[in-house]
Amino acid sequence: MDTVLQLSKKLIEIPSTQDAQKALQDSLDYSKEILGRFAHKSFTKNKIQTLLFYNTNKLPNRFKILLNAHLDVVPAKKGQFVPKEKNGKLYGRGAYDMKAAGAAMILLFKELAKTLSYPLGLQLVTDEESGGFNGTRYQLEKGIRADFVISGEPTDLGINNEAKGIIWAKVKTKGKSAHGAYPWSGDNAIWKMKRLLDNIEQEFPVPNKEVWKTTINVAKIETPNQTLNKVPDDCLVGLDIRYIPKDAETVINKVKNLLPKDATLEIIMSEPAQYTNAKNPYILSLQKATMKITGKASPVIVKHGSSDIRHYNQAGCDGITFSPVGAGHHGDNEWVSLESLGDYYQILKSFLKTTFN
């Protein structure tokens, strides 16, 4: 446990945000130093480097299990890159999302990889917080596959098998400009847009508590107006749509049906939902390992945010996210439970050793 803690601290000390290329490289280099005796392959796309370690003589066509860890973090205050222990918790940027889990995976691979009879991989990427397109997705484009993938994204020892898909869209309405004192002479594009917003509010009301359903966040609204005494002839709204897997085939048509006449819809990003069947044998085995170590069953949970597992699902590979207990990711007081981190290591160790070896 002390070794996992020290590596977690070392990784937290590296300010590996997306705009810090040297720090991102340092996080990879330090991990590679720890795993120096293992074969690995390096991947680079758009100057983003990632690594893939494996326990076989040559890179396998398909891994049985692949551990996925991202070493990049979102920006933070300077002090958050100084790890601190307090009341059984480790504080710092990335403690929960997901450098402590990453440290556990790195050291677990180092301990077990050569003792296992099946292909085990460890994937270290540096762009998950910006979408994973140059890391995990690129490795998949190069043919990397696995029967089952575990990513250490925050779950508090729950097994996350489903997560919402993402659609970012722009809607535009057109009107006719006029002097603001004579609005009857123009056609206000904002009033047209209001009809869409009213329709969204009715069809996709904002929940007053956490609920597993498709939601739409109205993220911005703007016009080209530079003055207040003008009827705007253009209006743009930005939408952040988070859809549950069962709505994947219908959500876009639902939004289109809400558009006012002459409005245009532009999809600027579309990422799939994450889904692996809750009865997947690897999930059942991970639940047994959790029960063995903690005496409690791991619940299968859903998540509203996405992860790199969605890229694997697109490629036909099953996977889940699974992490130690913590809180505050992306916030000022991010932490991970040290006791839970120890349990996490032992759970994964039991899972890898007893179920498939």
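The values are calculated or read from the model by the stated rules, or taken from the named source; none is laboratory data. Note that the coordinates shown come from a computational prediction; the quantities given were computed from them, not determined experimentally. Quick reminder, even Gly has a Cβ in these numbers, built from the backbone with ideal geometry, and neighbours come from all protein chains shown. Each accessible area value is taken on the protein alone, full model and side chains, heavy atoms only, with ligands, DNA and RNA left out. Shrake-Rupley method; radii C 1.70, N 1.55, O 1.52, S 1.80 Å.
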Where P75 falls short, out of the listed (1) exposed (fewer than 15 other Cβ atoms within 10 Å of the Cβ); (2) closer than 22 Å to N280 by Cβ; (3) under 23 Å from the mean Cα position of the chain (by Cα) = (2)
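For N333, indicate whether it is polar (S, T, N, Q), over 24 Å from G92 (Cα atoms) and outside any strand (DSSP E or B).
Details: polar (S, T, N, Q): yes; over 24 Å from G92 (Cα atoms): no; outside any strand (DSSP E or B): yes.
Judged against the criteria, N333 is not a match.
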Starting from the range 90-101, take each residue that is on the phi > 0 side of the Ramachandran plot and list its partners that are β-branched (V, I, T) and open to solvent by 10 Å² or more (accessible area, probe 1.4 Å), counting only C-beta distances under 8 angstrom and pairs at least six apart or across chains.
-> G92/V82
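Would you mind stating whether G152 is of a type in the set (G, A, S) and under 22 Å from Q49 (Cβ atoms)?
yes
Considering only residues that are open to solvent by 40 Å² or more (accessible area, probe 1.4 Å) and touching a residue at least 24 places away in the same chain (Cβ under 8 Å), look in the range 234-258 and name the one that is nearest to W168 (Cα to Cα). It would help to see each step written out before you state the result.
Just the residues of the range 234-258 that are open to solvent by 40 Å² or more (accessible area, probe 1.4 Å), to begin with: 234, 242, 246, 248-250, 252-254, 256-257.
Filter once more, so that each one left must be touching a residue at least 24 places away in the same chain (Cβ under 8 Å): 234, 242, 248, 252, 254.
Working: D234: 20, R242: 9, A248: 14, I252: 11, K254: 15 Å.
Restricting to residues being open to solvent by 40 Å² or more (accessible area, probe 1.4 Å) and touching a residue at least 24 places away in the same chain (Cβ under 8 Å), the top hit is R242.
Residue check: is I48 surrounded by 19 or more Cβ atoms within 10 Å (Cβ to Cβ) and aliphatic (A, V, I, L, M)?
Working: surrounded by 19 or more Cβ atoms within 10 Å (Cβ to Cβ): yes; aliphatic (A, V, I, L, M): yes.
For I48, the condition - surrounded by 19 or more Cβ atoms within 10 Å (Cβ to Cβ) and aliphatic (A, V, I, L, M) - is met.
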Pick from the range 163-193, criterion among the charged types (D, E, K, R) and more than 22 Å from I267 (Cβ to Cβ), ranking: least open to solvent (accessible area, probe 1.4 Å) = D187
Looking across the range 16-64 at residues that are hydroxyl-bearing (S, T, Y) and part of a helix (DSSP H, G or I), the single one that is farthest from the chain's Cα centre (by Cα) is Y30
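Let's see how each residue does on (1) in contact with a Gly (Cβ under 7 Å, 6 or more places away or on another chain); (2) of a type in the set (V, I, T); (3) within 25 Å of I150 (Cα to Cα):
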position	(1), (2), (3)
V218	no, yes, no
P224	no, no, no
V231	yes, yes, no
L236	no, no, no
K279	no, no, yes
How many residues are of a type in the set (G, A, S), part of a loop (DSSP other than H, G, I, E, B) and open to solvent by less than 10 Å² (accessible area, probe 1.4 Å) if we restrict to the range 309-330?
-> 1
Please verify whether the range 81-104 includes one or more residues that are buried (at least 19 other Cβ atoms within 10 Å of the Cβ), of a type outside the set (V, I, T), out of contact with any Gly (no Cβ under 9 Å at 6 or more places or on another chain) and in a helix (DSSP H, G or I).
-> yes
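Can you give me the number of residues within the range 193-247 that are among the charged types (D, E, K, R), over 20 Å from I166 (Cβ atoms) and out of contact with any helix residue (DSSP H, G or I) (no Cβ under 8 Å at 6 or more places or on another chain)?
Step one: filter the range 193-247 for residues among the charged types (D, E, K, R), giving 194-195, 198, 201, 203, 209-210, 213, 220, 222, 230, 233-234, 240, 242, 246-247.
When the remaining residues are screened for being over 20 Å from I166 (Cβ atoms), the result is 194-195, 198, 201, 209, 222, 230, 233-234.
The next check asks that each one be out of contact with any helix residue (DSSP H, G or I) (no Cβ under 8 Å at 6 or more places or on another chain); those that pass are 194-195, 198, 201, 209, 222, 230.
The total comes to 7.
Looking only at the range 283-301, which residues are within 27 Å of K209 (Cα to Cα), surrounded by 16 or more Cβ atoms within 10 Å (Cβ to Cβ) and modelled with pLDDT of 95 or more? Lay out the reasoning, then the answer.
Of all residues in the range 283-301, those within 27 Å of K209 (Cα to Cα) come to 296-301.
If we keep only those that are surrounded by 16 or more Cβ atoms within 10 Å (Cβ to Cβ) too, we end up with 298, 300-301.
Passing the criteria: V300, I301.
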Could you run through the range 175-196 and say how many residues are under 30 Å from R242 (Cβ atoms), charged (D, E, K, R) and in contact with a strand residue (DSSP E or B) (Cβ under 6 Å, 6 or more places away or on another chain)?
-> 1
